[in-house]
Amino acid sequence: MSVSNVLSFDLEHWYSATLLRDSVCDKDTHIEESVDIVLDILADYDVTATFFVVGDVARRYPELVASIADAGHEIGSHGDTHRPLFDLSPKQFAAELDRSTQAIRDAVGSTPVGFRAPNFSVTPQTQWAIEVLEAAGYRYDSSVFPVRTPMYGVSGAPIRPYTLDPNAPFEEREGGGQLTELPLAVFHPRLKLPVAGGFYARLLPTWLLKRGVRTLNAHGLPATMYFHPWEFNPAVRTTAVSAHERLISFHGIDGLQTKLATLLDAFAFTTADAVVQRADGDER
Ligand SMILES: [Zn+2]
């Protein structure tokens, strides 16, 4: 049985990344052009994906977001202002989620069921977010990064899709909870190397990314991958940031289109919602 992997794109302004937020002056967004590049690749490979869209982007570019949905892709929420949950209270997050849900509904005419936190900021510190998502009617979350990194991550969190128990959100338990979690892909079983996308996909060689996805799939597990449309657009590169910021933010942009094409050639990908529905079906 072949495993379908999750292909997702976080749609924010490229300078929303925490590292760049304060240092970028040229805020030309290139957002429409970046989305077009990605939509063309997906159309070439006849693949549907999930776009986790920031509410602010849905309000400012409703036609762009509608064009993504019209091409058959799923639209999920990526918060309203791209503030990580670490910076929000439960009440502020509920308000952010509500505004982003509404903005997406206004743009595409349907209600998002999936959420990805900016900076993968669902950790033990912010696990109150699970109940907020449940109360808002969301069906799945894809924010748990099962490796501890300097900026985010939860070491020891499950690497397979699992039901989120609000009282123990980083453990696989029977029952308890309305949300399915789709953790970001890490190399199984021992290495725990993040192969999920973004910076890691730009840094790591294609053969290693392929081995990561193949290893997960060999265990019957989907790889949940994430990218940003701007990562496929060389026009967003800038010299206005430090060498460290340039490495994290822009390293490998030139090769990423080819890398993604190679992955799409080698493996099956679909939307997060489709994988969640399949996981729910398997449990019944
Ligand atoms: Zn983001």
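What follows is calculated from the coordinates using simple rules that are stated; it is not laboratory data. Model, not experiment: these values are computed from the prediction. Because the Cβ atoms are built from the backbone with ideal geometry, glycine has one as well, and the counts that use them run over all protein chains shown.
A few remarks follow.
- If the chain linking Asp87 and Tyr45 were pulled fully straight, counting 0.36 nm for each residue of separation and taking away their Cα-Cα distance, it would gain 11.3 nm.
- Two-site FRET efficiency, Gln125 against Ala71, from Cβ-Cβ distance with R₀ of 45 Å, rounded to 0.05: 0.75
- Sequence-distant residues sharing a close amide H with Leu179 (under 5 Å, placed H): Leu164
- Ellipticity at 222 nm from helices only: DSSP H runs of n ≥ 4 in the chain, each -39500 (n - 2.57), divided by the residue count, give -11500 deg cm²/dmol.
- Principal axis extents of the C-alpha atoms in the chain (largest first, rounded to whole Å): 50, 42, 37.
- Listed residues Gln178, Gly156, Gly137: farthest to the positive end of the dipole of the range 131-178 (Cβ charges): Gly156
- A cut-off of 5 Å between modelled amide H atoms, ignoring neighbours fewer than 5 places along the same chain, links Val186 with Val195.
- Every Cα-Cα pair in the range 96-240 was counted, and those over 23 Å apart are 41% of them.
- Amide hydrogen proximity for His228: with H placed 1.01 Å from N in the peptide plane, the residues at 5 or more positions away or on another chain lying under 5 Å are Asp10, Gly198.
- Over all distinct Cα-Cα pairs of the range 30-74, the Kirkwood formula returns a hydrodynamic radius of 10.7 Å.
- Here the Karplus relation 6.51 cos²θ - 1.76 cosθ + 1.60, evaluated at θ = phi - 60°, turns the backbone of the range 137-145 into coupling constants of x, 6, 9, 8, 10, 9, 10, 7, 9 Hz, with x for every Gly and Pro.
- For the pair His30 and Gln277, label points projected 7 Å from Cα toward Cβ lie 3.5 nm apart.
- 3J(HN,Hα) along the range 59-65, derived from phi through the Karplus expression 6.51 cos²θ - 1.76 cosθ + 1.60 where θ = phi - 60°, amounts to 6, 7, 10, x, 5, 5, 5 Hz, with x in place of Gly and Pro.
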